[in-house]
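The values are calculated or read from the model by the stated rules, or taken from the named source; none is laboratory data. What you see is a predicted model, and the numbers here were worked out from it, not measured in a lab. Here the Cβ is made from the backbone with ideal geometry for all residues, glycine too, and neighbour counts use every protein chain on show.
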């Protein structure tokens, strides 16, 4: 399982997932899908779209990864987790097939999601890639639309050391004659998407060329935005039930996708958009994105873990008012601390911990590297002990932030 052990579980090959789904009679071809890739923002984008389509009255499948508390978070129908019985029965019924093919944890999970959505006859499913795009197990879909959120340095050992190489992997989800929406125009990689789309006889739409998103207000759990097009103000103070500066980047892609879905085959009203975005956490049970778990002191879980996400997190912190910042922080051992140090807040007390997975980076090693680079803090024997120490030291008007790795957040949740 890649989330636990890392590189040895990663397969750059679609052979197994193709065989697995062929044995299941290709469930991925039995429902409409929207395929979403990108370094940051793909989970938020998938949840926003799912919430809006739910408000419009559709039966909506949602596949995301990794999970935080419960494996079943990965596979949802109208925001509800797949049942335990369904998971158990799928494994039991296809055990012989799994033993013969020896698929990975991720391949089995993708096949389960596709089978579930086909059986439930969803109107549309929003499917997030796991890692990359071109050779991701989800890339056997034939979607009606593809979305690529943004490109940042992450998983370089699998996807390449440059933004261009990573963009090439993400562009691998672009399908023949299937339009692709690029949420954020990034000059250094834009040509990759244009050229790939052209080669696939389709078009790449850059969402932020059409929608200009202006952040207006932000509270602990809500944010609002004015949405402009070349024709003027489209939405005034459109409310989103999430906070985080990065959501402005995701919103452009979401609105462009909704516009296209509305033209193609779905009946979506302005009210569906407004209610769907406002009620996103209630509709989809979304976790881990600027999630408030306590108010005194304010305690927030945030899954940003690469340069792109952490630089936006830093901007977000600059806009918050609090006393001192206490950061419960951990990383996985295949990430390089020196690559993200510049994006981390300097004026914070750090509480370094290792998530309880084999892939976690030892807290002492992380503390040594960070302390040498001016990020002050101690190592703790567990995430629980690190959080407990932060709570003891924090005053009521301080901020405790939990992050650095999705798995640190997962353990706290």
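Structure above, values below:
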| quantity | calculated |
| --- | --- |
| Count of the range 379-399 residues which are loosely packed, with under 15 Cβ neighbours inside 10 Å, within 29 Å of residue 321 (Cβ to Cβ) and touching a helix residue (DSSP H, G or I) at 6+ places or on another chain (Cβ under 8 Å) | 1 |
| Residues being assigned to a loop (DSSP other than H, G, I, E, B) and either in contact (Cβ under 8 Å) with a residue 60 or more places away in the chain or within 20 Å of residue 295 (Cα to Cα) (or both) - total across the range 357-392 | 3 |
| Restricting the range 145-162 to residues that are at pLDDT 85 or above and over 13 Å from the mean Cα position of the chain (by Cα), the residue that is surrounded by the most Cβ atoms within 10 Å (Cβ to Cβ) | 146 |
| Criterion: in the same structural domain as residue 63 (by TED's automatic domain parsing) and closer than 18 Å to residue 13 by Cα - qualifying residue of 113, 100, 92 | 100 |
| Residue check, residue 258 modelled with pLDDT of 95 or more, part of a strand (DSSP E or B) and farther than 20 Å from residue 313 by Cβ | no |
| Condition met for residue 316 (within 22 Å of residue 250 (Cα to Cα), crowded, with 17+ Cβ neighbours inside 10 Å, out of contact with any helix residue (DSSP H, G or I) (no Cβ under 7 Å at 6 or more places or on another chain) and not assigned by TED's automatic domain parsing to the domain that holds residue 149) | yes |
| Residue count for the range 204-246, restricted to those that are over 22 Å from residue 309 (Cα atoms) and either in contact with a strand residue (DSSP E or B) (Cβ under 7 Å, 6 or more places away or on another chain) or surrounded by 15 or more Cβ atoms within 10 Å (Cβ to Cβ) (or both) | 12 |
| Answer from 142, 115 - the residue that is in a loop (DSSP other than H, G, I, E, B), closer than 24 Å to residue 16 by Cβ, modelled with pLDDT of 95 or more and out of contact with any strand residue (DSSP E or B) (no Cβ under 6 Å at 6 or more places or on another chain) | 142 |
| When residues of the range 63-112 are limited to those that are touching a residue at least 60 places away in the same chain (Cβ under 8 Å), over 19 Å from the mean Cα position of the chain (by Cα) and in a loop (DSSP other than H, G, I, E, B), the one surrounded by the fewest Cβ atoms within 10 Å (Cβ to Cβ) | 102 |
| Single condition residue 204 does not satisfy, out of (1) in contact (Cβ under 8 Å) with a residue 12 or more places away in the chain; (2) under 26 Å from residue 303 (Cα atoms); (3) touching a helix residue (DSSP H, G or I) at 6+ places or on another chain (Cβ under 7 Å) | (2) |
| Criterion: assigned to a strand (DSSP E or B), modelled with pLDDT of 95 or more and in contact with a helix residue (DSSP H, G or I) (Cβ under 9 Å, 6 or more places away or on another chain) - qualifying residue of 238, 233 | 238 |
| Strands (runs of 3 or more DSSP E) wholly inside the range 283-343 containing at least 1 residues that are in contact with a strand residue (DSSP E or B) (Cβ under 6 Å, 6 or more places away or on another chain) and closer than 18 Å to residue 241 by Cα | 291-295, 298-301 |
| Hits in the range 393-408 (condition: closer than 17 Å to residue 295 by Cα and part of a helix (DSSP H, G or I)) | 393 |
| Only one of 346, 354 that is in a loop (DSSP other than H, G, I, E, B) and surrounded by 21 or more Cβ atoms within 10 Å (Cβ to Cβ) | 354 |
| Search result, residues across the range 32-48 that are buried (at least 22 other Cβ atoms within 10 Å of the Cβ) and either over 13 Å from the mean Cα position of the chain (by Cα) or in a strand (DSSP E or B) (or both) | 33, 34, 35, 36, 37 |
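Every residue, every condition in (1) more than 23 Å from residue 33 (Cα to Cα); (2) more than 18 Å from the chain's Cα centre (by Cα), yes or no:
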| site | (1), (2) |
| --- | --- |
| 219 | yes, yes |
| 232 | yes, yes |
| 237 | yes, yes |
| 280 | no, no |
| 283 | no, no |
| 290 | yes, no |
| 294 | yes, yes |
| 306 | yes, no |
